[in-house]
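Reviewing the structure listed below.
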């Protein structure tokens, strides 16, 4: 069997068996939408995940931190760029429709930034920031992890993504961020030894 045929079968099998379970889970979650403050909070969290949160963290660390913090911001920026490349590539390869496109009873409360759902770009980037900054500045882990989890949850709650879009985005983002932090530490340790 050729690669494209296997890919099509995997995507079709996933859509047939997993996606209906995710849609049912999302329907159960939607009762919270009756609580306007919850919806407003998740919209704010999702909007912050567009970049303002990470920009604010980066600027704060650059202004208030020392060399370690400035280096961590550079690593996080690199991780964010890699995250954008990874999720853009995967979305074009997998082409999973957004939940509201496949299920009429699953509405979306925000304007999606692109056409495809898998993986969640917001979540992948948020966890890449957590993985890279948290790997280099462990004191920030509680703030970064909480922010990343809330951003991921907001994307499901608002109807922009299925739960597995967020789960895979979180796993890939964490892996990517940790790899960047590990490589960054190795590179700066080697560079410091040379100088």
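GNM on the chain, C-alpha springs below 10 Å: top fluctuator among 28, 178, 70?
Sorting by GNM fluctuation, first place goes to 28.
Mind jotting down the distance between the C-alpha centroids of the range 61-83 and the range 125-174, whole Å?
17 Å
To test your reading of the geometry: what angle, between 0 and 90 degrees and rounded to tens, separates the Cα axis of helix 121-136 from the longest principal axis of the chain?
Approximately 30 degrees, to the nearest ten.
Hey, what number do you get for the chain at 222 nm if only DSSP H runs of n ≥ 4 count, each worth -39500 (n - 2.57), divided across all residues, to the nearest 500?
The helix contribution divided over the chain gives -25500 deg cm²/dmol.
For helix 67-94, report the angle its Cα long axis makes with the longest principal axis of the Cα atoms of the chain; keep it between 0 and 90° and round to the nearest 10°.
Tilt of helix 67-94: around 30 degrees.
Who wins for biggest fluctuation among 126, 74, 139 in a Gaussian network model of the chain, springs between alpha carbons below 10 Å?
Top of the fluctuation ranking is 139.
Can you give me the relative contact order of the chain as a percent, contacts being Cα pairs under 8 Å and 6 or more apart?
26 percent
Would you mind computing, in nm to one decimal, how far apart the modelled labels at residue 24 and residue 38 are, each placed 7 Å from Cα along Cα→Cβ?
2.1 nm
So which residue, out of 86, 59, 156, gets the largest mean-square fluctuation from a GNM of the chain using Cα contacts under 10 Å as springs?
In this elastic network of the chain, the residue with the biggest mean-square fluctuation among 86, 59, 156 is 59.
Calculate how steeply helix 52-64 sits against the longest principal axis of the alpha-carbon atoms of the chain, using the helix alpha-carbon long axis, and give the answer as 0 to 90 degrees to the nearest 10.
10 degrees
Assuming R0 = 25 Å, can you tell me the calculated FRET efficiency for the pair residue 146 and residue 104, based on Cβ-Cβ distance, to the nearest 0.05?
0.15
Averaged over every viewing direction, what's the projected area of the C-alpha convex hull for the range 3-194? Give it in nm², one decimal, please. Please report the intermediate quantities before stating the final value.
Numbers: hull surface 49.2 nm².
Quarter of the Cα hull surface area: 12.3 nm².
For the range 91-195, list log₁₀ I(q)/I(0) at each q in 0.16, 0.19, 0.23, 0.24 Å⁻¹, using the Debye formula over Cα point scatterers of equal strength and ignoring solvent, two decimals each.
Evaluating at q = 0.16, 0.19, 0.23, 0.24 Å⁻¹ gives log10 I(q)/I(0) of -0.70, -0.87, -1.09, -1.15.
Quick note: the coordinates plus some simple rules give every number you see, no bench work behind them. Because the structure is a prediction, the values reported are computed rather than measured. Counting neighbours? That spans all protein chains shown, and the Cβs are built from the backbone with ideal geometry, glycine included.
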